[in-house]
Every structure is written in structure tokens, then in C-alpha cells.
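K.L.:
Sharing a structure below in C-alpha cells format, with a few things to ask.
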Amino acid sequence: MNLLAVSINHRTAPVELREALYVGSAEVVNLINDAKGKLFSEGLILSTCNRTEIYGIPVNKNLSYFDIQNFITEKKSSHKINPEHFQSFLSREAVKHLFRVISGIDSLLIGDNQIFKQVKDSFQISEEMQFAGFLMKRLFDSATIVGKRAITETEISEGAVTVSYAAVQLIEKIFSTLNKKSALVIGAGETGETAAKHLKDRGIGAITITNRTIEKAENLALKLNAKIIPFSNLKDQLSEFDIVLSATSSPELIITKDDIHKAMKKRNFNPLVLMDIAVPRDIDPESKKIDYVFYHDIDSLNIIVEQNLAKRKAEIPKVEKIIEEELNNFFGWYNSLQAAPTIKSLRDYFESIRFEEVEKNKNKFSSGDLEKLDIITKRIINKILHHPTTELRKSAESGEETAESATRLGILRELFGIDNHRPGEEKRP
Amino acid sequence: MIDFIDDLNIILPFLYIITFGIYLYDFLKGKKEFTNSKRLFLFITLLLHSIYLITRTIHFGHPPITNVFEIFTVLAFAVSFSYFILELVTDIRGTGPFIIIISILFQVISSTKIEHIVAVNEVLKSNLLGIHVFSALVGYSGITISAVYGFLYLMLYKEIKLNQFGLIFNRLPNLEVLEKLSFYSAIIGFSLLSIAITIGIIWLPKAFPNFSYADPKLIGTSIVWILYGIGILSKLLGRWRGKKVVVLSIVGFIIAILSTMLTNFLSLSFHSFY
């Protein structure tokens, strides 16, 4: 198969270069328009914050990896990007790379399942642009199977691997149902927003935002359909919340142990979860000494993150096994495409010999016998070809020995002088 | 039939140990491979245990409640059966090893010491005794389970407070659920103990000429009952929660065990029949 793939990703290039080559969905459409028919007959362009990748079946046998690299760098970047910043793949390796990407094991955050949707979206764009042909559609189906199997059959995406999600995981170890709980988010920055979104996704009963700059709190509250309270009321209203999530850039403590103690008294010592994900910290860590106060800072949340990352890493071999299985399935299908024309040519070749010989000798038989001769000779040809045909199909469909299967087909063609077009060439510059 | 009863008596501790092993393996490994089979295994163990109790009752002509070792096998069954029902109702499957181990303890003691008693004291043939003992045993299994969940609550509480995110953190249900499980089990235990005590107060003075209100077992059970009563009431009134209630539940359980052991093994009470 002559599928080519070129990738710039978190392992090959620093963030500024990856940013420079990032392609938004509108730009993907333009790039596909430029590549379709000129570089590739069909293909896929995938771009996320950690990778930009192009997959395609070249229209020209002489198309090299460098041509593809130049294509993207010329369109996108003025940065000095050189070939070392790219990874290149051919045929089975290209398919394997795509499978690794969609399963999340090639991600910066191992097991990140956002990539599954991103690959899906990229395929959709290719399809809409008529850039996904017969081969790419099948490749997409196989990639989807890999992604789904990785999620359902392994624990590659299990557990929180970001601090904000770890905070939510921890909260869920304290409270059984979040829909009856209320949360206060202190700080309207990116971290606070992400954590608040996670809480919202997990069905928190009510979210309230507070921030020194009230406008920022209002903006975030609008996004999350949350309430706001003035920053000056924070300490007085602290007792109203079951979860307090603080992520401000304040250089000193915002909430003291005494504030928490007062709030707990007002709450009749109902459990209170304090998630201090600010650096430097916003809440006095001594608060953890108060009964039913569950105080956690960024260090304790990082313990959970590290544990979950280690668990995900341990799942990689299982995902790789799935990838190997699906690679074999995909190439089994692909090789059967290669075998089909050879089988047909072989049958045509034998049939032509049979027909020629019957024609030559038809005068030696009566008209009644001629019919029998035709049936008998056809049966002989069928019997001769039955075993090689079955073997060729089996070998192609097994997908395990692509090279061996190709060699068998080659020998057969050479022996019988069959020479027609084969889909796909293995050699690339 | 006696051979069958003896065989089951030997097999039962092993069945509980194997069931415990499967639950423990699942708890330690956190895999989902035994999620359903472990429940099936517990069911088979309970089924064989119930056959054992029924055949024993038929063969010896009385329910197995006439001495402490018969009571222990019923208690082993009651504890695991209550857990089985709780697991079915709540679908919380990670706490099995902590409960089944209690059944192992009771069943091992029972299997090694139980005897074939055909002739029993006339007083033990009363129907009221059956209700009294049955409610007391289910009540005790309720407070046993309550104490186990209380203990698990304390362990998880400590792990979360100290940022130790180990097995307990990863496998146990959340604090609120553990607190609820402990509390509901305590309510069931308390209610049934109330029935057992009421019947006892009405019936015991008539049945036992040497009955005394100063009996250590009566005092022990009354203390347990009062403790649970205080805990449940305080929780319902919203005055106590979490740690306080579960600590009370654990203390109640320890007093119940000590009172049973003292009265039965030291024969201090009219209540000990062994």
C-alpha cells in the first residue's frame, strides 16, 4: 500500500513550531483543495494543539516525504522548520501510526480521549470535501474500531490525569450525588473555569462564581449559567457551599483557618471540601485539621494525577495488542483486494488455453460430444485452479505476512506471464 | 442424612474462604473479570448453607439455635445473606471481603465445635424463642454490617484527610455512601434488637425461673441497644454525623461481641445454653 503519512507532534517539535503549523478547520478545507488531485488522490489532514498530520495516497509515484513537508510548511509557517521536526510513515507504519493516535497512546496526555473526536472530525471534513475515497473510508472505519476498542476493552482513558479533573474525582469520593451540592469557584481564570466546567459536567447542583474583578466573574457565570457573589461577601457566605474551589493569582491567603472554622460552625459541621488549586495557595492549609473539612492543594491532587498516569501507561501493551489485531484485519482486507485481480487473470489465462484447444479440436468430436467436452475441460480447469485460488485468498486475507503474500502473487504472475495493474506499490523514495 | 450434614459442615468454611478469596482478589486487582461470578459464588455458598440449616433442623428436630455454635453458623449465614441483599439492592460490590471475613470467623468456630444435639431443653422448643432468637440474630448481623461499614468509613476518611490515595481510596464507594450503609444497617439492627428485647422481657421471666434483670447478657444487650438508640436519634435530629455515629456503631458492636463471649463462654448467665 502506498499510503504516506507525515507528522509534526509533541515528540518531534517544540510548542512554537507545532503552533506555527496548527491548521484550523477552515484552513484544512483550503489545504485539502490544494492537495486534492495534485498531491494525493485521497487523504486526511489532522490538526490538534499537539500535532499536525497529513495522510494520503499520492497521485505521483515519485512524491516524497519532503514534498509533503514542504507543502505544509510553505502554506503555513515562516518559522525555521526542518525535516528533523517531522516523522514520516509508509504503508503499514502509516496505518499503525493513525491507530496509535486515535487510541490515545501517542498523545501527550496518554489515553486522552478527545483525540478520538478530533480524528473523527478530520475524517468528516475529508469526506465532505470528497477527499476520502474507498481506501480512506475503510481506514476510518478501522481506526474507529481501534479507538472504541481501546476505550471499552482497556483502562487507557480511566482516571483523572489533569489537576482540575482530579479535584472532581476526589470530590466524588466524598459526596455520593453532586446534584444536591453547591460549589463556589473563587477566581475566574482558566484553571477555575476548567474545574467549574468539570463540576458542571458531573451534574453539580449549583455553581457560584466570585472574583476580585466582578466583570470577569460575570463573564464566566454567563458561560456556565452560574450565580455570582461579590468578592467582599466571600467569607460571610462561605458556609452556604459544600465545595469551595479556589484558583486565584492572589499572592497571600484569601481564606484563613478561622474563616473555615466559623463557616463549619454555621454549617453544623456538614462536610466541606476545599480544593485549593492556586499557586501560591489561597486557603490556609491548617484548615485540614478541622473535622469534616477536606482540604486539598495542587500537590495532593498531583498525587492522584501521577497514580492515574502510571495506570494508563500500564495499559499501553493491551492497546498495542488491539492495534496489531486491527492492523491485520485492515491489511487482510487490503491484500484481498490485491489478490482478486491476480486470481481473475489466472482464471482468464487458463480459460483462454482451454477455449483455444477446444476450438482447435472441435472437428474431432460430434456435436453431442462437443458439449460434453466443454463441460469436462471446464471442470478440469476448475479442479486445477481450486487449490491455488483458495490458498491465494487465504494468504491475502490472513494479513499476517504482507510481504510473503505479495511475493507469492509476484511468482505466480511471473510463472504464468500475467501482468496487469496491481493496486499499490511498496517502494517509495 | 447425618453424613450429608457432616460433609456440608466441613465444606462450608472452605466455601466462605473461597468466596472471600474471589472478593478479595477483585478488590485488590480492581479488575472487572469476577464482577458477576463472585456474586454467583456467594449465592451458591448461601444456598448450600441454607440447605445445611434446613437439613439440620429436620434431622435434629429443632432449629439450630440451641447452643452458641449452632447460633454461630446461623450468624455466619445471616451476615453474608444480609450483605448479599445489600449488594443486590445497592449494586455496591467492592466491600464484600470485609463482611464475608466475619462469616468465615463464625463458621470456622461453628464447624469445628458444633455437636449433634437431639435432646434439647424444653424451654428452647417455644415458638416465642424462635422469634426472639431470629430477630436477635438478624439484629446482630445488622449491627455487624453497620460496624464494618463504619470501620471502612473511618479508613477512607483518614486516607482522604491524609492524602493517601491507595487501595481503600480507589476501591471503596464514597464517604456518604459508606455512612448511609452503616446507618441503614444500624437502623435494621436496632429495630430487630428492639423486637428481640421486647419478646425477651415478656417471655424470659416466665420461661426461666432463675431469670434476673441483672443478668450480664441482658445488661450488655441493653447497653448496645441504648447506644444505638442514642446514635440513631442524634443522627436523625441532625446533631451527630459521620465519624461520631460510626464510632458509636463500632463501640456498640464490640460491646455486643464481648457480652456474647462473656456470657456464653464463662457461663455467667441463664442465657448460655452450652
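The values are calculated or read from the model by the stated rules, or taken from the named source; none is laboratory data. Just so you know, these numbers come straight off a predicted model, no measurement behind them. For neighbour counting, all protein chains shown are included, and Cβ atoms are generated from backbone atoms with ideal geometry for every residue, glycine included. Remember, those area values only see protein heavy atoms, side chains included, never the ligands or the DNA or RNA. Shrake-Rupley method; radii C 1.70, N 1.55, O 1.52, S 1.80 Å.
K.L.:
Suppose we filter the range A:302-317 for residues that are within 12 Å of chain B (Cβ to nearest Cβ) and at pLDDT 95 or above; how many remain?
P.N.:
0
K.L.:
Name the residues in the range B:176-203 that are open to solvent by less than 30 Å² (accessible area, probe 1.4 Å), away from chain A (no Cβ under 14 Å) and either among the aromatic types (Phe, Trp, Tyr) or under 16 Å from B:Gly252 (Cα atoms) (or both), would you?
P.N.:
If the condition is that a residue be open to solvent by less than 30 Å² (accessible area, probe 1.4 Å), away from chain A (no Cβ under 14 Å) and either among the aromatic types (Phe, Trp, Tyr) or under 16 Å from B:Gly252 (Cα atoms) (or both), then B:Ser185, B:Ala186, B:Gly189, B:Leu193, B:Ser194, B:Trp203 are the ones that fit.
K.L.:
Can I ask one more? Among the numbered criteria (1) open to solvent by 10 Å² or more (accessible area, probe 1.4 Å); (2) within 14 Å of chain A (Cβ to nearest Cβ); (3) part of a helix (DSSP H, G or I), which single criterion is violated by B:Pro173?
P.N.:
Only one criterion in (1) open to solvent by 10 Å² or more (accessible area, probe 1.4 Å); (2) within 14 Å of chain A (Cβ to nearest Cβ); (3) part of a helix (DSSP H, G or I) is unmet by B:Pro173, namely (3).
K.L.:
With respect to A:Ser47, is the statement that it is among the polar types (S, T, N, Q), under 12 Å from the mean Cα position of the chain (by Cα), buried (at least 20 other Cβ atoms within 10 Å of the Cβ) and part of a helix (DSSP H, G or I) true?
P.N.:
Details: among the polar types (S, T, N, Q): yes; under 12 Å from the mean Cα position of the chain (by Cα): yes; buried (at least 20 other Cβ atoms within 10 Å of the Cβ): yes; part of a helix (DSSP H, G or I): no.
Taking the combined requirement at face value, the residue does not satisfy it.
K.L.:
When residues of the range A:139-177 are filtered for being within 10 Å of another protein chain (Cβ to nearest Cβ), of a type in the set (Val, Ile, Thr) and either out of contact with any helix residue (DSSP H, G or I) (no Cβ under 9 Å at 6 or more places or on another chain) or not in a loop (DSSP other than H, G, I, E, B) (or both), how many remain?
P.N.:
Result for the range A:139-177: 1.
K.L.:
Which of the residues that make up the range A:283-301 are more than 10 Å from chain B (Cβ to nearest Cβ) and either closer than 19 Å to A:Tyr165 by Cα or small (Gly, Ala, Ser) (or both)?
P.N.:
Of the range A:283-301, the ones more than 10 Å from chain B (Cβ to nearest Cβ) are A:283-287, A:290, A:298.
The answer is A:Ser287, A:Ile298.
K.L.:
Looking for whichever is over 22 Å from the mean Cα position of the chain (by Cα), closer than 30 Å to A:Tyr292 by Cβ, part of a helix (DSSP H, G or I) and within 14 Å of chain A (Cβ to nearest Cβ) here; the options are B:Lys243, B:Lys235. Which one fits?
P.N.:
B:Lys235
K.L.:
I need the full set of residues from the range A:71-105 which are in a loop (DSSP other than H, G, I, E, B), surrounded by 18 or more Cβ atoms within 10 Å (Cβ to Cβ) and either among the aromatic types (Phe, Trp, Tyr) or without any contact (Cβ under 8 Å) to a residue 40 or more places away in the chain (or both), in order please.
P.N.:
The answer is A:Phe86, and nothing else.
K.L.:
Answer yes or no as to whether A:Gly192 is crowded, with 18+ Cβ neighbours inside 10 Å, out of contact with any Ser or Thr (no Cβ under 7 Å at 6 or more places or on another chain) and within 25 Å of B:Phe165 (Cβ to Cβ).
P.N.:
It is true that A:Gly192 is crowded, with 18+ Cβ neighbours inside 10 Å, out of contact with any Ser or Thr (no Cβ under 7 Å at 6 or more places or on another chain) and within 25 Å of B:Phe165 (Cβ to Cβ).
K.L.:
Kindly indicate whether any position in the range A:140-149 is closer than 24 Å to A:Asn33 by Cβ, open to solvent by less than 30 Å² (accessible area, probe 1.4 Å) and either assigned by TED's automatic domain parsing to the domain that holds A:Glu19 or of a type in the set (Lys, Arg) (or both). Full working, then the answer.
P.N.:
Our first condition is that a residue be closer than 24 Å to A:Asn33 by Cβ; within the range A:140-149, this holds for A:140, A:143.
Restricting the remaining residues to those that are open to solvent by less than 30 Å² (accessible area, probe 1.4 Å) gives A:143.
From the residues that got through so far, the ones that are either assigned by TED's automatic domain parsing to the domain that holds A:Glu19 or of a type in the set (Lys, Arg) (or both) too are A:143.
For the range A:140-149, residues closer than 24 Å to A:Asn33 by Cβ, open to solvent by less than 30 Å² (accessible area, probe 1.4 Å) and either assigned by TED's automatic domain parsing to the domain that holds A:Glu19 or of a type in the set (Lys, Arg) (or both): present.
K.L.:
Right, here's the next one. When the range A:58-70 is examined, which residues are found to be out of contact with any strand residue (DSSP E or B) (no Cβ under 8 Å at 6 or more places or on another chain) and open to solvent by less than 60 Å² (accessible area, probe 1.4 Å)?
P.N.:
Residue satisfying the conditions is A:Ser64 alone.
K.L.:
Examine the range B:60-79 for a residue that is exposed (fewer than 14 other Cβ atoms within 10 Å of the Cβ), at pLDDT below 90 and not assigned by TED's automatic domain parsing to the domain that holds B:Lys217, and state whether such a residue exists. Talk me through it step by step, then tell me what you get.
P.N.:
The initial filter retains those residues of the range B:60-79 that are exposed (fewer than 14 other Cβ atoms within 10 Å of the Cβ), namely B:61.
Next cut, at pLDDT below 90 only: B:61.
Applying the additional criterion that residues be not assigned by TED's automatic domain parsing to the domain that holds B:Lys217 yields B:61.
Scanning the range B:60-79, I find at least one residue that is exposed (fewer than 14 other Cβ atoms within 10 Å of the Cβ), at pLDDT below 90 and not assigned by TED's automatic domain parsing to the domain that holds B:Lys217, so the answer is yes.
K.L.:
Follow-up question, since we're still on this one. Is it true that A:Pro251 is of a type outside the set (A, V, I, L, M) and surrounded by 19 or more Cβ atoms within 10 Å (Cβ to Cβ)?
P.N.:
When the stated conditions are applied, A:Pro251 does not pass them.
K.L.:
Another one. For A:Ala188, only one of the following conditions fails: (1) away from chain B (no Cβ under 14 Å); (2) not in a loop (DSSP other than H, G, I, E, B). What is its number?
P.N.:
(2)
K.L.:
Say we look at the range B:23-45 and pick out the residues that are surrounded by 18 or more Cβ atoms within 10 Å (Cβ to Cβ) and in contact with a Pro (Cβ under 9 Å, 6 or more places away or on another chain); which of these is modelled with the highest pLDDT?
P.N.:
Filtering the range B:23-45 for residues that are surrounded by 18 or more Cβ atoms within 10 Å (Cβ to Cβ) and in contact with a Pro (Cβ under 9 Å, 6 or more places away or on another chain), the one modelled with the highest pLDDT comes out as B:Tyr23.
K.L.:
Turning to a different aspect of this structure: I need every pair where a residue in the range B:155-170 that is within 7 Å of chain A (Cβ to nearest Cβ) has its Cβ under 9 Å from the Cβ of a residue that is of a type in the set (A, V, I, L, M) and not in a helix (DSSP H, G or I), sequence separation at least 6 or different chains.
P.N.:
That search, which allows pairs on different chains as well, returns B:Ile160/A:Ile174; B:Lys161/A:Val293.
K.L.:
Could you please give the count of residues in the range A:235-269 that are under 40 Å from the mean Cα position of the chain (by Cα) and either within 14 Å of chain B (Cβ to nearest Cβ) or assigned to a strand (DSSP E or B) (or both)?
P.N.:
5
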